[in-house]
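Trainee: Just passing along the structure, written as structure tokens.
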Amino acid sequence: MKSFKSHFRFTKQERNGIFFLVLLIVLLQMSFFLISTHTLNKGEEVIVDVMAQQQIDSLKQIALADEGREIYLFNPNFITDYKGYTLGMSPKEIDRLIIFRETGKYVNSVSEFQQVTQISDSLLSSISPYFKFPEWTQKRSKANVSGVSDSNQKNQPIATNKIIDLNKATAEELTRIYGIGEKLSARIVKFRDRLGGFLVNEQLYDVYGLETKIADKTLKQFQVLSPPSITKLKVNSASIDELASLVYISKKLANQIVAYRNENGPFETLQDLGSVPDFPITKIDRIGLYLSLSND
């Protein structure tokens, strides 16, 4: 027992040496850990030149072919994470498309797909032949990706140099404008029918739910070419029911107009309607299209 204890008896210098040796080992371990962590967390972006990217994309396609996966025609708007992975897209490229779709928008061409996802030209060229967009989104000069030509002319997009009468446009034609779906096109037609036809282009902005930028885009291809003939109401003698028959005037507002007229006398100008409580002064130009003064 005494001989066993003798092995663990150290002089002061030996104990100091052991302490510094252990401390040195600990410091070296910590340094190695910090250096490794710093290297992994640098997050430096790897820049790949065009040639290298093309080779990477080619290898991805070869790998897919080797796995025996057959690619069928598909609408690229509905690419899932797994589908994008099998096509060779990176997670960031897939996420860009998903975020774009969450806004309620769609990509309607190969160029738009690349603009949204930012995929490389080489990868785009290898997967775009399998894209199948709705037929009406395709340009006249582009062949259908399925190899079948579209002989139905009504499904062809509107030529940019041809203006269509907004009062004769069908709901289907209106959906050819990017941003207008079936519900919104039906709402435009319904609003037009309630008006009895648009009198001026600006009335398109009054369609509920139609964004200004979409209306601007629509008016580049659709305009009022044949406004309907109407009989204006004489605002100084029209009844409450007659005024309320106009799309822009509710029954409550019609009551207020007649009450104001009875209290203050006939309106001298249509601009005086702005003095009526709750009158939508921003739409007075449109409402004025349907009204006249008694001395007109």
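The values are calculated or read from the model by the stated rules, or taken from the named source; none is laboratory data. From a predicted model like this one, the values you see are computed outputs, not experimental measurements. Please note: Cβ atoms are built from the backbone with ideal geometry, for glycine as well, and neighbour counts cover all protein chains shown. For the accessible areas, the whole protein counts, side chains as well, though only heavy atoms, and no ligand, DNA or RNA atoms are used. Shrake-Rupley method; radii C 1.70, N 1.55, O 1.52, S 1.80 Å.
Trainee: When residues of segment 162-207 are filtered for being under 21 Å from residue 288 (Cβ atoms) and not charged (D, E, K, R), how many remain?
Mentor: Number satisfying all stated conditions: 14.
Results for (1) modelled with pLDDT of 90 or more; (2) open to solvent by 30 Å² or more (accessible area, probe 1.4 Å); (3) within 24 Å of residue 103 (Cα to Cα); (4) in contact with a helix residue (DSSP H, G or I) (Cβ under 6 Å, 6 or more places away or on another chain), shown as yes or no for each residue.
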site: 158; (1), (2), (3), (4): no, no, no, no
site: 163; (1), (2), (3), (4): no, yes, no, no
site: 170; (1), (2), (3), (4): yes, yes, no, no
site: 173; (1), (2), (3), (4): yes, yes, yes, no
site: 180; (1), (2), (3), (4): yes, no, yes, yes
site: 184; (1), (2), (3), (4): yes, no, yes, no
site: 196; (1), (2), (3), (4): yes, yes, no, no
site: 219; (1), (2), (3), (4): yes, no, yes, yes
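A quick yes/no check of all residues on (1) within 29 Å of residue 182 (Cβ to Cβ); (2) touching a residue at least 24 places away in the same chain (Cβ under 8 Å); (3) open to solvent by 40 Å² or more (accessible area, probe 1.4 Å); (4) in contact with a Pro (Cβ under 6 Å, 6 or more places away or on another chain):
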| position | (1), (2), (3), (4) |
| --- | --- |
| 88 | no, yes, no, no |
| 93 | no, yes, no, no |
| 98 | yes, no, yes, no |
| 106 | yes, yes, yes, no |
| 109 | yes, yes, no, no |
| 112 | yes, no, yes, no |
| 116 | yes, no, no, no |
| 120 | no, yes, no, no |
| 124 | no, no, no, no |
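Trainee: Run down 247, 258 and say which single residue is touching a Leu at 6+ places or on another chain (Cβ under 8 Å), in a helix (DSSP H, G or I) and open to solvent by less than 50 Å² (accessible area, probe 1.4 Å).
Mentor: The unique qualifying residue is 258.
Trainee: Pull up segment 80-102, narrow it to residues that are of a type in the set (Val, Ile, Thr) and modelled with pLDDT under 80, then point me to the one that is nearest to residue 184 (Cα to Cα).
Mentor: Going through the qualifying residues, I end up with 80.
Trainee: Let me ask you something else. So in segment 103-122, with the set limited to residues that are at pLDDT below 85 and assigned to a helix (DSSP H, G or I), which one is nearest to the chain's Cα centre (by Cα)?
Mentor: 121
Trainee: For segment 206-225, which positions are among the charged types (D, E, K, R) and part of a loop (DSSP other than H, G, I, E, B)?
Mentor: Correct list: 211, 220.
Trainee: Filter segment 206-217 down to the residues that are of a type outside the set (D, E, K, R) and more than 30 Å from residue 257 (Cα to Cα), then identify the one that is most open to solvent (accessible area, probe 1.4 Å).
Mentor: 214
Trainee: For residue 203, which of the numbered conditions (1) open to solvent by less than 70 Å² (accessible area, probe 1.4 Å); (2) assigned to a helix (DSSP H, G or I); (3) of a type outside the set (Ser, Thr, Tyr); (4) without any contact (Cβ under 8 Å) to a residue 60 or more places away in the chain fails to hold?
Mentor: Going through the list (1) open to solvent by less than 70 Å² (accessible area, probe 1.4 Å); (2) assigned to a helix (DSSP H, G or I); (3) of a type outside the set (Ser, Thr, Tyr); (4) without any contact (Cβ under 8 Å) to a residue 60 or more places away in the chain, residue 203 breaks only (4).
Trainee: Further question on the same structure: Tally time: how many residues in segment 262-280 are open to solvent by 30 Å² or more (accessible area, probe 1.4 Å), farther than 23 Å from residue 199 by Cα and not hydroxyl-bearing (Ser, Thr, Tyr)?
Mentor: Restricting attention to segment 262-280, the residues satisfying the condition of being open to solvent by 30 Å² or more (accessible area, probe 1.4 Å) are 262-264, 266, 268-272, 274-275, 277-278, 280.
Pick out the ones that are also farther than 23 Å from residue 199 by Cα and you get 262-264, 266, 268, 275, 277-278.
Next cut, not hydroxyl-bearing (Ser, Thr, Tyr) only: 262-264, 266, 268, 277-278.
Going through segment 262-280 one residue at a time, the tally reaches 7.
Trainee: Please go through segment 226-244 and pick out each residue that is touching a residue at least 12 places away in the same chain (Cβ under 8 Å), part of a loop (DSSP other than H, G, I, E, B) and loosely packed, with under 13 Cβ neighbours inside 10 Å.
Mentor: 226, 228, 230, 237, 239
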